[in-house]
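Presented below is the structure to which this report refers.
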Amino acid sequence: MSELLKMTATQARKSLLKREISSVELLNAYQTAMEKTEALNNYVTPTLEVAKEMAIEADKTYAKGNAGLLAGLPIGVKDLFCTKDIETTACSAMLKGFFPPYESTVTSNVWKSGGVMLGKLNCDEFAMGSSNETSIFGPAINPWSKIDGSDLSPGGSSGGSASSVAAGAALMSLGTDTGGSIRQPAAFCGVVGLKPTYGRCSRWGIVAFASSLDQAGPFTRTVEDSALIFSAMAGHDQKDSTSASLETPNFSEAVHSGIEGLRIGIPAEYYLDGMDTDILNLWRKGRAWLEQAGAKVVDISLPHTKYALPCYYIIAPAEASSNLARYDGVKYGKRMEKESLDAMYEATRADGFGEEVQRRILIGTYALSAGYYDAYYLKAQQVRRLIKEDFDKAFNDVDVILTPTTPTAAFPIGAEISDPITMYLNDVFTVPANLAGLPGISVPAGLSKQGLPLGLQLLAASFREDRIFSAASAIEKQAEFSLAPVRAAGDLQ
Amino acid sequence: MSTLVSGRTGEWEIVIGMEVHAQVVSNSKLFSGSSAIFGASPNNHVSLVDAAMPGMLPVINAQCVKQAVLTGLGLNAKINKFSVFDRKNYFYADLPQGYQISQFKHPIVGEGEVQIELSDGSTHKVGIERLHLEQDAGKSLHDQHPSKSYIDLNRSGVALMEIVSKPEMHSADQAAAYIKKLRSILRYLGTCDGNMEEGSLRADVNVSVRRPGEALGTRTETKNLNSVKFIMQTIEFEVQRQIELIENGGEVVQETRLFDTTTGMTRTMRGKEDAHDYRYFPDPDLLPLTFDDAFIDELKIGMPELPDEIKFRMVNEYGLSSYDANVLTEERETAAFYELASEGRDRKITANWMSVELFGALNKAGIELAQSPVGPNQLGGLIDLISDGSISGKIAKEVFSEMFETGKDAKLIVDEKGLKQVSDESAISAMIDDVLATNSDKVNEYRGGKEKLFGFFVGQVMKASKGQANPGMVNKLLKQKLDF
């Protein structure tokens, strides 16, 4: 059983193609893994009956010889993706009991490629959070533990997606990244998390948080697996006006192409005073690894970096305040029956939204309101352009930028939830890429002194995920990170 | 014509601006593919996007963009090749998204103008400030149930053009002329059907008053007027109300009002405190709307002639009266019918026949021009017979009635009924001789001075000829014989 769990997606696919294993067998192994790791609270809605049907179908395609790219591979889905006739809650009381009559484009692409749905994964409510603690289902738990055994946060908002892959309870999973919600949990859980270029993956059918920042992406154990599933997820969608009209190249080549002559930039402004020394050392190690692999590493400057976090925390809540206006009790989801329309709105939204969601709606409404729009929202969008220009200039001189993914390793559950600002600081290295629409990946690269995973982040110019995969692969090879969290389902080493 | 109003303490000038919401003629909605056709049973034309389901996204309908540009061209307005869609945020049960996608800072069409004609023949230019595209909301029905409101989202997301005039109207008559003219242009272009009862054209009217020469007064806005009559009543009421208020020492409050169709009065809808803060910001789900000159030029080429152009030709080339030109250009179909019917014929006679006989018959039968049993070519055929002397004007009326009833051609009816006019001099001369011989006593009376009897003789000759004698010739010959 645990042999099956040890395989990466790439290896599993090879095995399936050779008919050495069957999709159903693979599914059974993951089903057991899910049962073993139930305490991690990753899955909010397991879909094992549906998975069984999908696995059987996948096996048929292997028999026929027309198996899709992801045929038979067990995949978990963040509960932010609308899945047809399967409860989709965004981990909020507002959408508890909501069964979409439609399937999101990205998940549709994955199922069309033969992927098998294990279930819907836990996340922060409406994707708002960096610890998976705002979910109505309670936090997902990191399969990595501190020495003292306290429960650690898997990061957020895609906490369940990261944790399940790390724990061997999903071979791959889907998440979304608006300010770091894939990369940060990937770093906390020691897995690979990719945020594609804005526009690569369709946003149609994904519960919207911040429209100009949201992007779907995969969690995997390896960089190679990431390229595999990303190829299936991405592609132009007419139903999404912000979807890029570009062909999705085959990224698998890039994974193995090496980085001889690739130019790497190290941005001075990502060095923070009092930075965690484990992280600083890992960043230096990363630089050395890339040089060893033949890259040219130079120091660069991204002068407006320090404005990225405040900029993000104006723009994202502003867009969210408008995107979440539709949750009003009128058409679907929760409704508190009251005597007047306004009373119904107030009761429904007070009851349906958790504290963090309410906080962000209030911040966003304020930033857009008369008298404040120019000073906050407009100003933030102007600063955003400057941040993007920093990157555009830098990418004239370098191909890839290397930074840490997070300022710390995973923190205990409950440690930061009472201080929103501390929580927001988790995103300091990840938000710039969202603001600039650039692709970014987090690769597990080492362990902290407490034995917790640390990630390194690689960023590239728009639509240059190929460079990211090449550089990430180089880091992966050198880091030789062994994915063995304490609370994994099987022996994943 | 003075447009000043007399108050108790002196004269007042009225200032009126209008914001017209015109539903775009299109098969589907502005940002979704569901049907925009009116009249379906509730919630049958609602897509996932219209219902604002989680994860839904808008996609612009190019046809609606074309209609807006075309309308801008018809208003002689500046077409903006770059425009932006903004979200207008507010909560209401018939607004599923909790925001309306509209255009705030960068509308698709800029300044233009509309020429209006008043009943006294004077003309007046009303400036257009801008035109932008936006989504319509759904419908709320509050009268279907004692304690519940019903929401129909069929209309939610249908494309609207909001056409904002400059505050350059100064009387209810001007406002009426403006909305009628605007409606006519939209119908000619085929960009809006202008059906005010169904709600595809509605107006918000801004009214203020001021002493002549002074700065603009505070204005009120009265929303959702769906007939010319209500627009005029609103203006008249508001003007009186505001003048009385100010003259009695009060101040006009800037507010939104509603018109009560039963009382003919306006009342406060919401005050400044309750005014919405719409928190406009560019919709991040949509790219800025851009198109090039080629796009605009293609629309220009396909543009139909507009009423003003056609009227100009009718008056200046065809010699029609301004009044007739107005009647014949009221609808695009009428003008087209006329052009066809009058082509190569006497323009004035054709105009007369259309506006008097044809429209009279249509009105009586309660049908529209489109259902007329007499087509343009047929009418033309009738006029040909009058022009070449085959039938008299009087006979023509009979023929027309027959044409209208049976749909037959004029010539066929004339031939079938043997109605061809007699213009043979000798034949008529013989008839006259008969009549005079039979009525010799009256002849003597006539020659003795009773000139009124001339009509009697004409009547007798016409009777004898069963109405087919050429009247002109009868007159001429009769006079000759009588005055001899």
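The values are calculated or read from the model by the stated rules, or taken from the named source; none is laboratory data. The shown structure was predicted, so the numbers you read here are calculated from the model rather than taken from an experiment. With ideal geometry, Cβ positions are generated from the backbone for all residues, glycine too; neighbour counts draw on all protein chains shown. When the accessible area is computed, the model is the full protein with side chains, heavy atoms only, and any ligands, DNA or RNA have been set aside. Shrake-Rupley method; radii C 1.70, N 1.55, O 1.52, S 1.80 Å.
Total residues in the stretch A:310-335 satisfying the condition of being open to solvent by 20 Å² or more (accessible area, probe 1.4 Å) and in contact with a Leu (Cβ under 7 Å, 6 or more places away or on another chain): the figure is 1. Please state which one of A:Ser322, A:Ser301 is within 14 Å of another protein chain (Cβ to nearest Cβ) and touching a strand residue (DSSP E or B) at 6+ places or on another chain (Cβ under 8 Å). Only one candidate qualifies: A:Ser322. In summary, helices (runs of 4 or more DSSP H) completely within the stretch A:210-292 and bearing 1 or more residues that are within 25 Å of A:Ser448 (Cα to Cα) occur at A:223-233, A:277-292. Scanning the stretch A:136-189 for residues that are under 24 Å from A:Lys449 (Cβ atoms), part of a loop (DSSP other than H, G, I, E, B) and of a type in the set (A, V, I, L, M, F, W, C) returns A:Ile141, A:Trp144, A:Ile147, A:Ala167. Of the listed requirements (1) surrounded by 13 or more Cβ atoms within 10 Å (Cβ to Cβ); (2) of a type in the set (Val, Ile, Thr); (3) in a loop (DSSP other than H, G, I, E, B), B:Thr262 misses just one: (1). Pairs are defined by a Cβ separation below 8 Å, a sequence spacing of at least 6 or placement on different chains, a first member in the stretch B:432-458 that is within 20 Å of B:Met473 (Cα to Cα) and touching a residue at least 24 places away in the same chain (Cβ under 8 Å), and a second member that is part of a helix (DSSP H, G or I) and among the charged types (D, E, K, R); the pairs so defined are B:Ile432/B:Lys481; B:Asp433/B:Lys481; B:Leu436/B:Lys481; B:Phe454/B:Lys479; B:Phe457/B:Lys442.
For the stretch A:207-236, the tally of residues that are within 13 Å of another protein chain (Cβ to nearest Cβ), open to solvent by 10 Å² or more (accessible area, probe 1.4 Å) and in contact (Cβ under 8 Å) with a residue 40 or more places away in the chain stands at 3.
In the set B:Asn363, B:Asn316, only one residue is exposed (fewer than 13 other Cβ atoms within 10 Å of the Cβ), under 18 Å from B:Lys397 (Cα atoms) and more than 16 Å from the chain's Cα centre (by Cα); that residue is B:Asn363. Scanning the stretch B:170-184 for residues being open to solvent by less than 10 Å² (accessible area, probe 1.4 Å) and touching a Leu at 6+ places or on another chain (Cβ under 9 Å) gives a total of 2. Contact map, the stretch B:221-241: residues that are part of a helix (DSSP H, G or I) paired with residues that are open to solvent by 50 Å² or more (accessible area, probe 1.4 Å), Cβ distance under 6 Å, separation 6+ or inter-chain. Pairs shown: B:Phe237/B:Met265. Every condition in (1) under 26 Å from A:Pro485 (Cα atoms); (2) surrounded by 20 or more Cβ atoms within 10 Å (Cβ to Cβ) is met by A:Asn109 except one, and the failing one is (1).
Looking only at the stretch B:48-72, filter to residues that are open to solvent by less than 30 Å² (accessible area, probe 1.4 Å) and among the small types (Gly, Ala, Ser); which one of those is farthest from the other protein chains (Cβ to nearest Cβ)? That would be B:Gly72.
Results for (1) open to solvent by less than 40 Å² (accessible area, probe 1.4 Å); (2) over 41 Å from the mean Cα position of the chain (by Cα), shown as yes or no for each residue.
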{"site": "B:Ser390", "(1), (2)": "yes, no"}
{"site": "B:Ala396", "(1), (2)": "yes, no"}
{"site": "B:Val443", "(1), (2)": "yes, yes"}
{"site": "B:Gly449", "(1), (2)": "no, yes"}
{"site": "B:Ala464", "(1), (2)": "no, yes"}
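The residues of the stretch B:125-144 that are open to solvent by less than 60 Å² (accessible area, probe 1.4 Å) and assigned to a loop (DSSP other than H, G, I, E, B), listed by number, are B:Asp136, B:Ala137, B:Gly138.
When B:Lys139 is tested against (1) more than 14 Å from chain A (Cβ to nearest Cβ); (2) over 28 Å from B:Val15 (Cβ atoms); (3) among the basic types (Lys, Arg), just one condition goes unmet, and that condition is (1). Among the criteria (1) more than 24 Å from B:Val399 (Cα to Cα); (2) in a helix (DSSP H, G or I); (3) without any contact (Cβ under 8 Å) to a residue 40 or more places away in the chain, the one B:Leu478 does not fulfil is (3).
The single residue among B:Arg202, B:Arg210 that is open to solvent by less than 60 Å² (accessible area, probe 1.4 Å), farther than 25 Å from B:His21 by Cβ and touching a strand residue (DSSP E or B) at 6+ places or on another chain (Cβ under 7 Å) turns out to be B:Arg210. All of A:Val44, A:Val50 fail the test of being surrounded by 15 or more Cβ atoms within 10 Å (Cβ to Cβ) and in contact with a Cys (Cβ under 9 Å, 6 or more places away or on another chain), apart from A:Val44. Residues satisfying the criterion are present in the stretch A:62-77 (criterion: within 14 Å of chain B (Cβ to nearest Cβ) and either within 30 Å of A:Arg349 (Cβ to Cβ) or over 21 Å from the mean Cα position of the chain (by Cα) (or both)).
Here's the yes/no breakdown for (1) within 25 Å of A:Ala9 (Cα to Cα); (2) in contact with a Lys or Arg (Cβ under 8 Å, 6 or more places away or on another chain); (3) not hydroxyl-bearing (Ser, Thr, Tyr):
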{"position": "A:Glu103", "(1), (2), (3)": "yes, yes, yes"}
{"position": "A:Val110", "(1), (2), (3)": "yes, no, yes"}
{"position": "A:Leu118", "(1), (2), (3)": "yes, no, yes"}
{"position": "A:Glu133", "(1), (2), (3)": "no, no, yes"}
{"position": "A:Gly138", "(1), (2), (3)": "no, no, yes"}
{"position": "A:Lys146", "(1), (2), (3)": "no, no, yes"}
{"position": "A:Ser153", "(1), (2), (3)": "no, no, no"}
{"position": "A:Ser161", "(1), (2), (3)": "yes, yes, no"}
{"position": "A:Thr176", "(1), (2), (3)": "yes, yes, no"}
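Of all residues in the stretch B:33-44, those that are closer than 21 Å to B:Leu57 by Cβ have Cβ atoms under 7 Å from Cβ atoms of residues that are open to solvent by 90 Å² or more (accessible area, probe 1.4 Å) and modelled with pLDDT of 95 or more, 6 or more apart or on another chain, in B:Ser35/B:Asn27; B:Ala36/B:Asn27.
Taking the stretch B:30-47, which residues are out of contact with any Phe, Trp or Tyr (no Cβ under 9 Å at 6 or more places or on another chain) and either more than 14 Å from every other protein chain (Cβ to nearest Cβ) or open to solvent by 50 Å² or more (accessible area, probe 1.4 Å) (or both)? Once the filter is applied, which keeps residues that are out of contact with any Phe, Trp or Tyr (no Cβ under 9 Å at 6 or more places or on another chain) and either more than 14 Å from every other protein chain (Cβ to nearest Cβ) or open to solvent by 50 Å² or more (accessible area, probe 1.4 Å) (or both), the stretch B:30-47 yields B:Gly33, B:Ser35, B:Ala36, B:Ile37, B:Phe38, B:Gly39, B:Ala40, B:Ser41, B:Asn43, B:Asn44, B:His45. Any chance the stretch B:414-423 includes a residue that's touching a residue at least 24 places away in the same chain (Cβ under 8 Å), touching an Asp or Glu at 6+ places or on another chain (Cβ under 9 Å), open to solvent by less than 50 Å² (accessible area, probe 1.4 Å) and within 30 Å of B:Asp384 (Cα to Cα)? Yes, there is a match, as at least one residue in the stretch B:414-423 is touching a residue at least 24 places away in the same chain (Cβ under 8 Å), touching an Asp or Glu at 6+ places or on another chain (Cβ under 9 Å), open to solvent by less than 50 Å² (accessible area, probe 1.4 Å) and within 30 Å of B:Asp384 (Cα to Cα). All of A:Ser113, A:Ser131, A:Ser108 fail the test of being touching a residue at least 60 places away in the same chain (Cβ under 8 Å), among the small types (Gly, Ala, Ser), away from chain B (no Cβ under 14 Å) and within 21 Å of A:Asp214 (Cβ to Cβ), apart from A:Ser131. Among the residues of the stretch A:87-105, just one is without any contact (Cβ under 8 Å) to a residue 40 or more places away in the chain and facing chain B (nearest Cβ under 10 Å), namely A:Pro101.
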